[in-house]
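Taken together, the values in this text are just the output of simple stated rules run on the coordinates, not laboratory data. Computed from a predicted structure; not experimentally measured. Virtual Cβ from ideal backbone geometry, glycine too; neighbours counted across all protein chains shown.
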Amino acid sequence: MIELTARTPFDGLLPIEAGALRLSEAAPARMTSLAPYRGRDKALSEALKAAHGMAFPAPNRATGREGARAVWFGQRMALLIGPEPDAGLTEFAALTDQSDAWAVARLEGEGAAEALARLAPLDLREGAFKRGHTARTELGHMHASLTRISGESWRIMVFRAFARTLAHEMREAMQSVAARAGV
Amino acid sequence: MRITCPICGPRDRREFYYQGAAVAIERPAPDAGAEVWDDYLHNRDNPAGETRDLWYHESGCAAWIVVTRDTNTHEVMGAELADDAKAERP
Ligand SMILES: [Zn+2]
């Protein structure tokens with residue numbers, strides 16, 4: 001019997017530190033995409049509130065909190081992060097387990113938005129992209145999901161196969177921000 | 001160039017994939033005849049001025065949108081979801 005060792009997407013790649021910035025792998029969590037059936041958007045949001053305590057997020061927004069979060073994830077889709085999805089949700093939406101499909105990193109420290117702005121074509125300044133804001137966007141050449149968790153803390157998601165590329169791109173962006181800050 | 005996605009808001013052009021003339025969503029009836037189908041599949045206008053194209057918000061929300069723009073001035077006049085554009089047509 002072969003003993004297989006489970007590896008996380010960023011095993012051996014993270015953490016990376018540069019100046020005040022630190023990129024680390026997020027703790028593995030259950031991730032389920034919720035895609036409401038036509039006309040059931042509102043019912044799904046109510047069921048989500050009752051079962052997990054957060055509403056279905058509006059476009060470009062995240063709801064919930066650490067440990068039980070819903071991040072808007074595209075046209076009429078959200079990603080439930082943390083809890084095992086309540087079985088009652090299946091009445092209103094198609095649920096897909098995506099836990100192993102994504103590499104999830106957390107970027108923290110002063111200048112985090114500046115580092116991300118080197119890779120994403122978005123206005124990430126505090127006034128435009130606030131805590132609880134999220135975007136599906138391009139990061140380097142990767143499709144990504146960016147969420148501002150708090151002031152200088154970001155959740156970054158790319159397809160699992162791009163873990164190494166993300167680590168490489170982020171290292172360069174972080175080092176460039178650190179170099180300009182003179183640290 | 002920036003395109004205002006009806007869902008995500010104004011975004012850089014690089015987030016989008018260009019498909020071609022929005023005629024693609026005006027699919028003829030199966031029995032419309034060879035000439036109509038030939039026109040639908042192969043013949044495209046090349047307007048100097050207003051044009052309607054299908055774009056895919058590939059690294060954004062993954063919606064197909066119809067963008068109205070001017071090929072003379074490069075002005076982007078508007079964008080709507082392809083779903084809505086199709087629903088407006090008989
Ligand atoms: Zn969009």
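Some values worked out for this structure:
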{"quantity": "Sequence-distant residues sharing a close amide H with B:ALA63 (under 5 Å, placed H)", "calculated": "A:GLN75, B:HIS57"}
{"quantity": "Relative contact order (%) - criterion: Cα under 8 Å, at least six apart; region: chain B", "calculated": "29 percent"}
{"quantity": "Label point distance in nm, A:HIS168-A:ARG30, each placed 7 Å from Cα along Cα→Cβ", "calculated": "3.6 nm"}
{"quantity": "Segment A:53-125: trypsin sites (Lys or Arg not before Pro) in DSSP loop, at most 12 other beta carbons within 10 Å", "calculated": "A:ARG125"}
{"quantity": "Gain in span if fully extended, A:ALA101 to A:ALA20, counting 0.36 nm per residue against the direct Cα distance", "calculated": "26.2 nm"}
{"quantity": "Nonlocal amide H pairs with A:TRP102, under 5 Å, H built at 1.01 Å", "calculated": "A:ARG160"}
{"quantity": "Reach of A:LYS130 by Cα under 26 Å, taken over lysines that are not fewer than 8 positions away in the same chain", "calculated": "A:LYS42, A:LYS49"}
{"quantity": "Cross-link partners of B:LYS86 among aspartates and glutamates (Cα-Cα below 14 Å; sequence separation of 8 or more within a chain)", "calculated": "B:GLU26, B:ASP53"}
{"quantity": "Pairwise label distance in nanometres, A:SER176 with B:ASP45, each label 7 Å out on the Cα-Cβ vector", "calculated": "4.3 nm"}
{"quantity": "Value at 222 nm in deg cm²/dmol, rounded to 500, when DSSP H runs of n ≥ 4 in chain A each add -39,500 (n - 2.57)", "calculated": "-6500 deg cm²/dmol"}
{"quantity": "Around B:GLU50: net Lys/Arg minus Asp/Glu count, Cβ-Cβ under 12 Å", "calculated": "-2"}
{"quantity": "Sparse-neighbourhood loop sites, GluC sites (Glu not before Pro) in segment A:114-157 - DSSP loop, at most 14 other Cβ within 10 angstrom", "calculated": "A:GLU126"}
{"quantity": "Sites A:SER153 and B:GLU58 - FRET efficiency at Förster radius 30 Å, r taken between beta-carbons, to 0.05", "calculated": "0.60"}
{"quantity": "Computed E for A:HIS141/B:HIS74 - FRET, C-beta separation, R0 25 angstrom, nearest 0.05", "calculated": "0.50"}
